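In what follows, a single structure is set out as structure tokens and then discussed.
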Amino acid sequence: MTTAATGDRAASPPPATMDEGHANRWRILAVLAAVAFMAQLDLFIVNIAVPAIGRSFGGSLSGLSWVLNAYAIVFAALLVPAGRLADHFGRRRFLLIGVIVFTLASAACAAAPSLPFLVAARAVQAVGAALIVPTSLGLLYPSFPKRQHATVVGIWAGVAAVAGSSGPPVGGLLVEVNWRWIFLINVPIGIATLIAGWRLLPEVRAEKGARLPDGISAGLLLAAVSLLVLATVEGPEWGWSSGRTIGLLAAAVVATALTVDRTIRHPHALIEKALFTSRPFTFATIALFLFFVGFAIFLLNGTLFLQEEWHYSAVRAGLGIMPGPLVAAIFAVNAGRLARRFGRVWPAVVGTSCMAIAAIIWLTLTTSQPAYLTAILPGMIVGGISAGLTQAPLFAAAGTLPPDRATTGSAVLNMSRQVGSAVGVAVVVVVLGSGAHTLAGYHHAWAAEAVAGALAALAAAGSGLRSRAQRA
């Protein structure tokens, strides 16, 4: 890899070195954290606006869920190709293009005249987010000395945790004015970070002659994710035994098998098989997928329950979820300190276990009668602990890879996170069905969250295992 300072060349500091890092590294971190926060926030901020969007455009829950799923699917499928291409053509260039695309698409979402237009604009918005997230991590590593990598990855992951948890409360406040503001607010943030990024960020790219990743494996990955979630979301309306549902599921299985085969056999596959020779990385990838299945259920099911079952307003529901991100922020800020004291594995195991505990609390205590302080708040606090503890140690698993694989590894971890989020949304849609919101339905969704959290805890424990070569 080569690094070169660009932007305002007259005032640019010297490039990063392995021992000292970039002279403006903390300002660079601030810019990269801001753009990552913006991209991650939009994955969950729309959850609380789903009822308001439905009142504007109509449509079933499965149709409205594509406002969430279009973003999650495209984001997940493009993360790894965006990261690989950014390595080849320039991470700074891709990040700035991503900010421009994301900002323009946000404005289009705010002006959407119909539900199909909004879904399409969300898909374009996800393209921008996919350019932003892996490149933000890819620019962090060379900007800081290696001794600070764990700290800055912890900060980056902590920002992501707070962004995800802050979506519903921030969205609730904005929806009270108009749901279009949840997209419009991105425009000034995008413009400000674009200007700061142009002036501050260094350029990092692969050496000349490096091979581009395999395009076929990228297409297969997109097909596998899209077909699986489409079948899961539309299955309740079409019927699980219908030809369309069975056909989509079969196509998803075939696309997944072809993706795995391409990864194993092709020397320049999009996801390199060498990444998974690291057991910590492999188990962290699985743990992130399972955790975010539960986390998406945590946010969407909780938001719908407060608004549909207890008839909270959007603002009141957002404030009801607010303790979660506040607690997440406290634990995320201290993620580096906890990792130094307890290692990388135990915080992840405790955090994923807390996801299951939060679901069990709600499953046990919630009834059709509102009782926020005794039935919702305890689970919200435990869920906040889960969000704050889990992400930093699991994303740090990219540090177990060789230095030239760390960016691709980060993209794979983020892809696992986003696919899990899409599947979690699909689970809520499947369980609640088309408008059939009952107390039993919400409880079934929380039961699924508890199972996802428990399985994620097992995978997080497995991330502490090392291969025989690594032990040697």
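Every number in this text was worked out from the coordinates using simple rules, so none of it is lab data. From a predicted model like this one, the values you see are computed outputs, not experimental measurements. Note that each Cβ is placed from the backbone with ideal geometry, even for glycine, and that neighbours are counted across all protein chains shown.
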Would you pull out the residues with amide H under 5 Å of residue 203's amide H, same chain only if 5 or more places away, H placed 1.01 Å from N?
4, 5, 6
³J(HN,Hα), Karplus 6.51/-1.76/1.60, whole Hz, each residue of region 297-308, x for Gly, Pro:
5, 3, 7, 5, 5, x, 5, 5, 4, 5, 7, 8
Per-peptide average of other Cβ atoms within 10 Å, ordering 246-256, 383-393, 367-377, 29-39 highest first
383-393, 29-39, 246-256, 367-377
Residue-wise HN-Hα coupling along region 78-87, computed from phi with Karplus coefficients 6.51, -1.76, 1.60 (Hz; x: Gly, Pro)
9, 4, 5, x, 5, x, 5, 5, 5, 4
In whole Hz and in residue order, list the ³J(HN,Hα) couplings for region 239-251 that follow from phi through the Karplus curve 6.51 cos²θ - 1.76 cosθ + 1.60, θ = phi - 60°; x for Gly and Pro.
x, 5, 9, 6, x, 5, 5, 5, x, 5, 4, 5, 5
Arrange the peptides 93-104, 275-286 so that the one whose residues have, on average, the most other Cβ atoms within 10 Å appears first.
93-104, 275-286
Taking the Cα centre of region 255-357 as origin, work out the dipole magnitude from +1 charges on Lys and Arg Cβ and -1 charges on Asp and Glu Cβ, in debye rounded to 20.
560 debye
For 214, 42, 87, what ranking results if the residue with the fewest other Cβ atoms within 10 Å of its Cβ goes first?
214, 87, 42
Ranked output for segments 300-311, 415-426 by mean other Cβ atoms within 10 Å, highest leading, reads 415-426, 300-311
